[in-house]
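The values are calculated or read from the model by the stated rules, or taken from the named source; none is laboratory data. Values in this document were obtained by computation on a predicted structure and should not be read as measured data. Ideal geometry is used to build each Cβ from the backbone, glycine not excepted, and the neighbour counts take in all protein chains shown. The area values use the complete protein model at the heavy-atom level, side chains included, leaving out ligands, DNA and RNA. Shrake-Rupley method; radii C 1.70, N 1.55, O 1.52, S 1.80 Å.
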Amino acid sequence: MRLATPQTLVSIANLLGVPYVGPAEHLIWGINEIHRVVPGDLTFVDVQKYFKKALNSAATTILINQTIPPPKGKALLISPEPFTHFNFLLNYFNPPSAPHIFHEHKSNVTENDVHFGANVIIGKNVTIGKNTSIGHNVCIGANVKIGENVVIFPNVTIYENTIIGNHVRIQANAVIGSEAFYYKKRPEGRERMLSCGRTILEDYVEIGANTTIDRGVTADTIIGAHTKIDNLVQIGHDTVIGKRCIIAAQVGIAGASNIEDDVILWGQVGVPSDVTIGQNATILAQSGVMSSLEGNKVYFGSPAKEAKRKYRELVVLSKITDLFHKFKNL
Amino acid sequence: MRLATPQTLVSIANLLGVPYVGPAEHLIWGINEIHRVVPGDLTFVDVQKYFKKALNSAATTILINQTIPPPKGKALLISPEPFTHFNFLLNYFNPPSAPHIFHEHKSNVTENDVHFGANVIIGKNVTIGKNTSIGHNVCIGANVKIGENVVIFPNVTIYENTIIGNHVRIQANAVIGSEAFYYKKRPEGRERMLSCGRTILEDYVEIGANTTIDRGVTADTIIGAHTKIDNLVQIGHDTVIGKRCIIAAQVGIAGASNIEDDVILWGQVGVPSDVTIGQNATILAQSGVMSSLEGNKVYFGSPAKEAKRKYRELVVLSKITDLFHKFKNL
Amino acid sequence: MRLATPQTLVSIANLLGVPYVGPAEHLIWGINEIHRVVPGDLTFVDVQKYFKKALNSAATTILINQTIPPPKGKALLISPEPFTHFNFLLNYFNPPSAPHIFHEHKSNVTENDVHFGANVIIGKNVTIGKNTSIGHNVCIGANVKIGENVVIFPNVTIYENTIIGNHVRIQANAVIGSEAFYYKKRPEGRERMLSCGRTILEDYVEIGANTTIDRGVTADTIIGAHTKIDNLVQIGHDTVIGKRCIIAAQVGIAGASNIEDDVILWGQVGVPSDVTIGQNATILAQSGVMSSLEGNKVYFGSPAKEAKRKYRELVVLSKITDLFHKFKNL
């Protein structure tokens, strides 16, 4: 998340009421969760084993629960509760809107070459390109941008700040931009990370019925151009999917993962968070990815391995089962 | 299901037109399916191999298709079709309402400190606590109770009799309280069990987009306080989930299961009906539970075993595959 | 897809501007994708390895990208882009309608013994039988036929041309008749196959919440009478499911598959495209079908095998793991 205006270290420290380490005028240009930081960003860390990762990441300001010497050119904000303070900053600079707020209610009209079905609900600052059709009962949150020649079928929900390119097609009852499943454990329950990122569907993306795509917590969930996603697929927050991918029905991809261009995931595949699947990889149906996978290969199994190897293992298991059986019958 | 007024054995026998075994004035205080019976309940059984289980359950009145001596203090109703007669009783004492019935239609108003989006449909006897936001196109069935500080996103459907606590958050297009997938096989097809139970979401529960939670057939489907459920999850009828659980995307839990407190189910895990997963158990992604599992352990695989053991098996399979290959190449 | 009027070979050749092989007056009665062709149909093929399959299929006219001698009694249309031309013909003879088009908006009325909830959107030429209840916010596309005694819960989307029998029950937020996930790869992306087929739900079918059923591309997706489908299930285009089947939650069935009568698929099973599962087969939870399976057997595993065999393999793997461990400890 870029800030509209860069903030000084001292101003953020005063806002949170916490001490800081570094030059008072050190600038913070954005706020991002560790997986998606870029130089100029503030990030947070509250678990000792991730201190090094956070300090050595691209982030230049770290909200942390221990005073340690920062790397050169970086600054610290010392907080007893980095997660809560990080959430406070997200909310302060980018407050989410409530689900009952809307701006316009359109029904059965064509305006500016946009075709509205019955009972379309539209938030503030929404723009829609020409020759786009918005189906009945579609709800569009604030600040959503929708391109030209888009088709959205009935009962779709599009959360605030979503960006939809041209020639995108979204089947009925899909949900674009729902909140991230991201919590901090507390003794009494769990604290939710706010979702201040966006969801971006590039040109020619197609989304299946009842598919759900969570928006980023601080960065963007991105579906690359020409990628086609089938029904009942789950895409987690901050995940970036490349161009021309095929994601078959009931695939689940957790948060903050990277699916490079031309990847094919067949039905019911599972991908965990924070892994990369290389360009042009194919993952066969029901496979469960456990760690990053190189491109240009075919994978199978749960955990997923190269398909040839996995099949060989299954053949060997079958042969050994026959041997056991023969042995038992001697 | 508790009855509003307890009924005598003879009055139920007359209602069904069937004979009974036991004192005419023996009282029936509730009606429940075998997995959720408590003392005072009537239950049914129509398969000989389950006679013993039903007779020895907490139920004190059994609707059964054979005359056998009841345990001391229990009574029988003898019916040629216990399933059909049980359904008849459910419908008689708790008739479900049709999906076209509603009471109020709210749009873009705040009343009693409840914020309504556009086109909110509300059934009879619905109560909603203050500072709650109801998103656009949300449909709320009869007798639903919703607490304070709840957020419900657009296009959510909440079936009748659902109880929602305080600080609950429900993402778009989720379905709370749909009917149980529970049938009796008949020569010509299948007879549906009526769903007369409720769904209860306790305080601080969060529900993901397009997730579905079936209501109980006679008892309640319960999601314990502080439990967080991700997108596209299925929770079956009469299942009871404890407090502070994490249920990741695309998990499926069948009916009448028990998930104790602090359980974590990662993505795409499957849990069958009528099992218990012990407190603080963790089940890794894509695992398939086959029977009850002890708490405080980590499980993996389909069928699920302790994860360490399952991983060891997978390592052994890999080693043996290498041995086979070497042997072949000698 | 049957044509309203049969077309001559020469008329179609002229429409597409392509040469043909065969008698000018050769008749084309319908247009179908290869998996669902019947005599009289035109189909297409553009990959050499499938030429034989297409030419020897039931189709009597083949749209093809190479001039080869057709089998006796069959005709060819020679096109540089059979996929695109096939799509052109589908659109020409059966143009799909846009999602913003509707005919009527009903709210809280009973007409001709049909009960409408709030805000029901209805397309052109829709017929609905008596004693049917249509829930709030349900969207019904053009030319849909719905039988008697049907119950449709809120927020369901039914795409155009769907046929729904009597006594059908559809839970909330389900999607019936969404477009097929079927593309032709192109250098710059993918070309979508139009979906001109229908979805047919026969009598007594029940559909779970948030379940999605794609319509056929040229033929029909059919759910046989008395089949019960649970929540979050995916059924692909042109798949035909028999009578009295049980499809548990989160099952995924790809396109153009055949599930015969009385099949049981337990939770999270995956079925690929173009396979047949024989009558009365049972497939246990989380199994992944890889090829056609005989009826009257029980299957398990991913890939699915006969369950007894699969369990034996798993037992052998466990025993070998113990042996390895003992050996290591000698």
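In nanometres, what is the gap between the two model label sites at residue C:328 and residue C:98, each 7 Å from Cα along Cα-to-Cβ?
6.5
Any idea what the residue B:296 label distances to the other copies are, label 7 Å down the Cα→Cβ vector, nm, shortest first?
Result, one decimal in nm: 5.1, 5.1.
Determine the relative contact order of chain C: mean sequence separation of Cα pairs under 8 Å and six or more apart, normalised by residue count, in whole percent. Kindly include the intermediate steps, with their values, before the conclusion.
Working: 962 pairs, mean separation 25.1, N = 330.
The normalised contact order for chain C reaches 8 percent.
Compactness ratio of the protein assembly as shown: Cα Rg over 2.2 N^0.38 Å, N = residue count? Write down the numbers at each step before the final one.
Details: Rg = 29.1 Å, N = 990, 2.2 N^0.38 = 30.3 Å.
Scaled against compact globular proteins, the figure is 0.96.
If you count, for every residue in B:320-327, the Cβ atoms of partner chains within 10 Å of its Cβ, what is the mean?
4
For chain C, what does the alpha-carbon gyration tensor say about shape, rounded, prolate or oblate, given a ≥ b ≥ c as the root eigenvalues, a/c under 1.5 as rounded, and a/b over b/c as prolate? Don't skip to the answer; put the middle values down first.
Values: a/c = 2.31, a/b = 1.13, b/c = 2.04.
In terms of gyration-tensor shape, oblate.
Calculate one ³J(HN,Hα) per residue across the range A:204-214 by plugging θ = phi - 60° into the Karplus curve 6.51 cos²θ - 1.76 cosθ + 1.60, and present them in order as whole Hz with x for glycine and proline.
For the range A:204-214, the Karplus-derived couplings read 6, 5, 10, 10, x, 5, 6, 6, 10, 10, 7 Hz, x marking Gly and Pro.
Can you list the copy-to-copy distances for residue C:326, using a point 7 angstrom from Cα toward Cβ, in nanometres, shortest first?
2.1, 2.1
Report residue A:290's accessible area, 1.4 Å probe, all protein chains in place, as a number in Å² to the nearest 10.
Number for this one is 100 Å².
Interface size between chain C and chain A, please: total buried accessible area, 1.4 Å probe, rounded to the nearest 100 Å². Don't jump to the answer; show the numbers that get you there.
Values: alone 16170 and 16150 Å², together 28420 Å².
Interface area, both chains combined: 3900 Å², rounded to the nearest 100.
Just name one of A:45, A:159, A:144: the one whose Cα is farthest towards the positive end of the charge dipole of chain A (beta-carbon charges, Lys/Arg +1, Asp/Glu -1).
The residue sitting most towards the positive pole is A:45.
Accessible area per residue of chain A at 1.4 Å probe, in Å²?
Details: 12300 Å² over 330 residues.
About 37 Å² of surface per residue is accessible.
Apply the Karplus parameterisation 6.51 cos²θ - 1.76 cosθ + 1.60, with θ equal to phi minus 60°, to every residue of the range B:183-196 and state each ³J(HN,Hα) to the nearest whole Hz, in sequence, with x for glycine and proline.
Residue by residue, the range B:183-196 yields 9, 9, 6, 10, x, 8, x, 9, 9, 7, 6, 5, 10, 10 Hz.
If I model a spin label at residue B:58 and residue C:130 as a point 7 Å from the Cα along the Cα→Cβ vector, what separation in nanometres do I get?
Between residue B:58 and residue C:130, the label points sit 4.7 nm apart.
What is the sum of charges around residue C:260, taking Lys and Arg as +1, Asp and Glu as -1, for the other residues whose C-beta is under 15 Å from the C-beta of residue C:260?
Working: positive: C:243, C:244, C:297; negative: C:202, C:261, C:262, C:274, C:294.
My count for the surroundings of residue C:260 gives -2.
Is there a simple number for the mean count of other chain Cβ atoms within 10 Å of the Cβ of residues in A:94-100, and what is it? Write out the running numbers ahead of the final one.
On the way: counts 0, 0, 0, 1, 7, 16, 20.
Across A:94-100, the average partner-chain Cβ count within 10 Å equals 6.
I need to check one value: relative contact order of the range B:242-292, counting alpha carbon pairs closer than 8 Å and at least 6 residues apart, in percent. Present the calculation step by step, with values, prior to reporting the outcome.
Working: 131 pairs, mean separation 17.7, N = 51.
Averaging sequence separation for qualifying contacts and normalising by length gives 35 percent for the range B:242-292.
Let me have the relative contact order for the range B:231-330, percent, based on Cα pairs under 8 Å that are six or more residues apart.
17
Given the rule -39500 (n - 2.57) for each run of at least 4 DSSP H residues, summed and divided by the residues of chain A, what is its mean residue ellipticity at 222 nm, to the nearest 500 deg cm²/dmol?
Numbers: 4 runs with 48 residues, N = 330.
So the calculated ellipticity at 222 nm is -4500 deg cm²/dmol.
Checking the a/c ratio against 1.5 first, then a/b against b/c, what shape does the Cα gyration tensor give for the range A:121-175? Could you put the intermediate results ahead of the total?
Details: a/c = 1.57, a/b = 1.03, b/c = 1.53.
Note, shape of the range A:121-175 comes out oblate.
What residues of the range C:222-257 lose no less than 30 Å² of accessible area with every protein chain in place versus their chain by itself (probe 1.4 Å, heavy atoms only)?
C:226, C:228, C:230, C:231, C:232, C:234, C:244, C:246, C:250
When the accessible area of the protein assembly as shown is computed with all protein chains present and a 1.4 Å probe, what percentage of it is carbon and sulfur?
Values: 20090 of 36930 Å².
Percent of accessible area from carbon and sulfur atoms in the protein assembly as shown: 54.
If I model a spin label as a point 7 Å beyond the Cα along the Cα-Cβ vector, how far apart are those points for residue C:185 and residue A:66 in nm?
Output for this residue pair reads 5.0 nm.
How many angstrom separate the Cα center of the range A:56-110 from the Cα center of the range B:1-31?
For the range A:56-110 versus the range B:1-31, the Cα centre distance is 61 Å.
Could you sort B:166-176, A:71-81, B:24-34 so that the peptide with the highest average Cβ count within 10 Å comes first and the rest follow in order?
Working: B:166-176: 27.2, A:71-81: 16.6, B:24-34: 19.5.
Going from most to least packed, we get B:166-176, B:24-34, A:71-81.
Counting Lys +1, Arg +1, Asp -1, Glu -1, what net charge surrounds residue A:286 among other residues with beta carbon under 15 Å of its beta carbon? Intermediate values should be presented prior to the final figure.
Details: positive: A:305, A:310, C:305, C:310; negative: A:230.
Overall, the nearby charge balance is +3.
For residue A:49 and residue A:14, compute 0.36 nm times the residue count separating them, minus their Cα-Cα distance, and round to one decimal in nm. Write out the running numbers ahead of the final one.
Details: separation 35, 0.36 × 35 = 12.60 nm, distance 2.77 nm.
Between residue A:49 and residue A:14, full extension yields an extra 9.8 nm.
Put the label 7 Å from Cα along Cα→Cβ for residue A:125; what are its distances to the other copies, in nanometres, shortest first?
4.5, 4.5
Sorted from largest down, what three extents in whole angstroms do the Cα atoms of the range B:2-93 have along their principal axes?
Its Cα atoms span 31, 24, 24 Å along the three principal axes.
Taking a 1.4 Å probe, which of A:325, A:136 shows the most accessible area, and what order do the others take after it?
Details: A:325 70, A:136 10 Å².
Putting A:325, A:136 in descending order of accessible area: A:325, A:136.
If you find the alpha carbon centre of the range B:133-188 and of the range C:243-300, how far apart are they in angstrom?
30
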